[in-house]
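The values are calculated or read from the model by the stated rules, or taken from the named source; none is laboratory data. Please read all numbers here as calculations on a predicted model, not as lab measurements. For neighbour counting, all protein chains shown are included, and Cβ atoms are generated from backbone atoms with ideal geometry for every residue, glycine included. Surface areas here come from the heavy atoms of the whole protein model, side chains and all, with no ligands, DNA or RNA. Shrake-Rupley method; radii C 1.70, N 1.55, O 1.52, S 1.80 Å.
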Amino acid sequence: MDVMGIFWLVYCEAFAVALFLVARAFHKYLVMPRLCTAKATGTVTGYSRFVMGASGYAPPRVRYEAGGVEYVVRGPLYSSYRTVSRTAPWLSNRMTTPMVGSHKTDQVFRAHYDVNGVVGIKAPALEMFPVGAELDVFYDPLRPKLAYVERCPKLRWVFVLSLSLALACAVTGAALFAWMHGAYLANTYYVSPTGETVHIDQDFFSNEKIRKVDEDSFVVEDYGMAEDCLGSTSTARTWRVPCVRQRGGLARPVLPFGYPWWARTRPTRCGGAPVFRINHAILHVFDFTSCVNVFSQAELDLSSKSTKSFVASHARKAQGNIANRHGRFAPDSAFAGEIEAYFAGKRDFVGLSTDIAHFLADELGKADKLESSDLLVVDFEGDTSGRVGDVVASDIEAAAAADVASEAEEAAYEGRGTRYLALLLLASRQAFMHEVDDDGRSVHNEIARHYAILPGPAQKVASYALVEEGSLDVWFCDKERTIAGQRTMLIPEGLLQCSQEPSVREVIDTVTSVVADVAEQYGDSPTAGAVALSKAKAAIAETATDDDMISTEVVAEEAFADSDVMREKFEEAMGKAQVPEKVRAEPKATERAVRNHRIKTDTGIVVTFPSEYCDNPDYIEFTSEPDGLISISLRNIGKIENG
C-alpha cells in the first residue's frame with residue numbers, strides 16, 4: 001500500500017476528528033435556544049480562569065437551582081469581543097465607558113480601557129457582574145445542566161463551519177488515498193500484440209523502474225523478491241513491450257509479469273530513501289610535512305552524523321563518477337587474495353586497512369613530490385542494481401552540502417545492497433583560518449595557515465578504488481606519480497595489480513573526437529561535423545539506456561548512416577585508439593554526459609540543444625548557403641527564457 005497515500009489519509013482523518021470534536025463542543029449553541037425554556041435566578045459566585053482573548057473578560061460562574069439540585073454555568077458569553085485600550089504609566093487601570101444594561105445583553109462585547117503601563121490589569125467582569133449579583137439563567141427542563149445566562153450567544157456558526165471542514169477533510173483524505181493508491185481512478189491499460197495487459201498507475205511516469213520509451217512502448221523492470229526491502233538483494237527482469245493504449249473501466253487487473261504491488265508503486269525506495277549502508281570506516285593519516293604517519297587502531301565513530309555524512313558523501317561520489325575505470329585483478333595479484341579473504345570473513349577490517357595504509361605510505365614516501373594525504377577505507381553497501389555509477393548527481397550534491405544527515409539519509413543507512421570496499425586517498429590541502437590569541441595583555445585575532453585540511457564533501461577525490469564483493473570487479477580513478485624515478489599509477493599498478501580498461505568518460509571523449517574528425521575531413525558540408533557529433537551522442541545515450549553498453553558499431557551506423565567511407569574510417573580510427581566495440585556504461589551517468597550538444601560559431605554565438613534534436617528539422621536545421629556561409633534555424637519555440 002502506498003506510504004504517501006496512507007500518510008495523507010491518516011493526516012486528513014486526524015484533522016477531521018479534531019474538527020468533529022470542536023463541532024461537538026459547539027453543538028449546544030445550536031439547540032439551546034429551542035430546548036432551554038425554563039428560567040431560574042442565579043447568583044455570581046466567582047469567575048472563570050479562562051479569559052476571552054485580549055478583552056480581559058473572564059465569564060462569571062453563576063450558580064442556579066433546578067429541581068432541588070444546584071448547577072453552575074459560565075456566562076453571559078458573547079459572540080465576539082472588541083476592545084479599545086490606552087496604555088501609559090500615568091494611567092490607572094479602569095474601564096472608561098460604563099457597562100449599562102444594553103451592553104450586558106448585546107451579542108458583541110465592547111469596552112474601552114485605560115491600562116497602566118507598569119502593571120496593567122483588565123477585569124471588566126468585576127465591574128459588570130460583581131460577586132453576589134443575580135442573573136437570569138435559562139435551562140433545559142429535561143437536562144438542567146444545559147443552560148445559558150441572560151441570552152444565548154450566537155455561536156452556531158462555529159458548529160456549522162467546523163462540521164463542514166471536518167467532512168471536507170474526511171472526504172479529502174479518502175480521495176487522496178484513492179488517488180495515490182489507484183483504487184477509484186479510470187485506469188490506463190497498455191495491451192501488447194500478444195494480449196498482455198498492463199495497468200498503469202498515476203505515478204507511472206515518475207517511476208524510475210517503469211520507463212516510458214515513446215507514445216507506444218515502455219520498459220518494465222520486475223522485482224521478483226518481496227524481501228528486497230527487508231534485506232535481500234532482488235533480481236530484475238526487463239521487458240520492452242510495444243503496446244496499444246486503451247482506457248476505461250474501474251477494474252484493477254493483475255500484471256502478467258507477477259509484478260508485486262509494493263514494487264509497482266515504489267520499487268526503488270526502501271524506507272523512503274535509496275539503499276545505502278556503511279558497515280565500517282577508518283581513517284589513516286600520512287603527514288609528510290611533519291614526517292609522522294598515524295595508523296588508526298579503531299574505526300570511525302559512525303554515530304556522529306557529521307562523520308557519517310562526510311564518509312557517505314565521498315563514497316557515493318566515488319561510486320557515481322563517470323570517470324571510473326574498470327579492471328580485474330591479475331592472476332598473481334597479492335591484493336586479490338587479501339580482499340577475497342576479507343569478504344569471506346577471514347580478515348578483520350582494521351587489520352586489512354592498516355596493511356593497505358602501510359603499503360601506500362611507503363610508496364608515497366618515495367615519490368618525487370611528497371603530498372600529505374589521508375586514507376579513508378570504507379566498507380559499504382549501496383545501489384541494489386549492483387552497478388557502480390548509477391547514482392544521481394543531484395542526490396550526491398544535496399547530501400554532501402549538508403553537515404548533518406537528513407532523515408532520509410538516516411533511513412537509507414538501514415538498507416541492503418551490493419557490497420563494496422572503497423579505498424579513498426584524500427589529499428590534504430592548505431587553507432587559511434583565523435586564530436584567537438590571548439597574550440595576557442589583550443585578546444587579538446591572527447591569520448594562520450593549516451596544512452591538513454580534508455577535501456569537502458562536495459569535492460572530487462583524484463585517487464580511489466572500489467572493489468565489488470563476489471565478482472571482485474575493480475573500479476578506480478588515479479593519477480600518474482613519479483615514484484622512485486618511474487612514472488606509475490600507484491593504485492592500479494602498485495596496490496591492486498589489475499587491468500585498466502578505459503572509463504566511460506574516456507570512451508565518450510574518444511568516440512566524439514573521432515566522429516568530429518572523420519566528419520570534418522570526409523563530410524560533404526560544413527555542418528557535417530556538428531550533425532554527426534550530435535547523432536553520435538544520441539546513439540550513445542540510446543544504447544546505454546537500452547543495453548547498459550556503449551556500442552561503437554551502433555554509433556558508427558547512426559552517425560554515418562549515409563556514408564560507408566566515413567563509417568570505415570571511423571572504425572579504423574577506433575581500432576587504432578584501442579577502444580573496445582562494447583563498453584559497459586551506466587545509463588544515468590552516460591545520459592547526463594551526452595544529453596546536450598554544444599556548438600559555437602565564429603561570430604561568438606553559442607547554441608546548446610538536446611542531442612536527439614540534431615536530425616529533427618522540426619526543432620533545429622543547418623543550411624549551407626550559396627555564399628558558403630551556414631544558417632541555423634530554430635523552430636517551434638513557444639517560450640524563450642534568459643539563462
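Quick rundown of the values:
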| quantity | calculated |
| --- | --- |
| Qualifying residue in the stretch 61-80 (condition: at pLDDT 70 or above and touching a helix residue (DSSP H, G or I) at 6+ places or on another chain (Cβ under 8 Å)) | yes |
| Selection count where residues are open to solvent by less than 90 Å² (accessible area, probe 1.4 Å) and not in a loop (DSSP other than H, G, I, E, B), scope the stretch 629-639 | 4 |
| Members of the stretch 415-432 that are in a strand (DSSP E or B), open to solvent by 70 Å² or more (accessible area, probe 1.4 Å) and modelled with pLDDT under 85 | 429, 430 |
| Total residues in the stretch 488-530, condition within 17 Å of residue 552 (Cα to Cα) and open to solvent by 30 Å² or more (accessible area, probe 1.4 Å) | 8 |
| Filter result (touching a residue at least 60 places away in the same chain (Cβ under 8 Å), assigned to a strand (DSSP E or B) and hydroxyl-bearing (Ser, Thr, Tyr)) within the stretch 61-87 | 64, 71 |
| Residues (β-branched (Val, Ile, Thr) and part of a strand (DSSP E or B)) located in the stretch 439-469 | 443, 447, 453, 467 |
| Any hit, the stretch 609-628, residues being crowded, with 18+ Cβ neighbours inside 10 Å, without any contact (Cβ under 8 Å) to a residue 24 or more places away in the chain and closer than 15 Å to residue 527 by Cβ | yes |
| Total residues in the stretch 376-401, condition aliphatic (A, V, I, L, M), modelled with pLDDT of 90 or more and out of contact with any Leu (no Cβ under 6 Å at 6 or more places or on another chain) | 1 |
| Any pair with Cβ under 7 angstrom, 6 or more apart, that starts in the stretch 293-306 at a residue that is open to solvent by 60 Å² or more (accessible area, probe 1.4 Å) and ends at one that is part of a loop (DSSP other than H, G, I, E, B) and not acidic (Asp, Glu) | 305/404; 305/405; 306/404 |
| The stretch 545-560, residues that are of a type in the set (Asp, Glu) and modelled with pLDDT under 80 | 546, 547, 548 |
| Selection count, the stretch 322-337, where residues are outside any helix (DSSP H, G or I) and either free of Cβ contacts under 8 Å to residues at least 60 places away in the same chain or hydrophobic (A, V, I, L, M, F, W, C) (or both) | 5 |
| The stretch 561-608, residues that are open to solvent by 70 Å² or more (accessible area, probe 1.4 Å), without any contact (Cβ under 8 Å) to a residue 12 or more places away in the chain and aliphatic (A, V, I, L, M) | 605 |
| Residue match in the stretch 338-356 (condition: surrounded by fewer than 20 Cβ atoms within 10 Å (Cβ to Cβ), within 24 Å of the chain's Cα centre (by Cα) and not in a helix (DSSP H, G or I)) | no |
| Count of residues meeting criterion [loosely packed, with under 14 Cβ neighbours inside 10 Å and either part of a helix (DSSP H, G or I) or among the polar types (S, T, N, Q) (or both)] in the stretch 131-159 | 1 |
| Residues of the stretch 36-46 classified as outside any strand (DSSP E or B) and open to solvent by 50 Å² or more (accessible area, probe 1.4 Å), total | 1 |
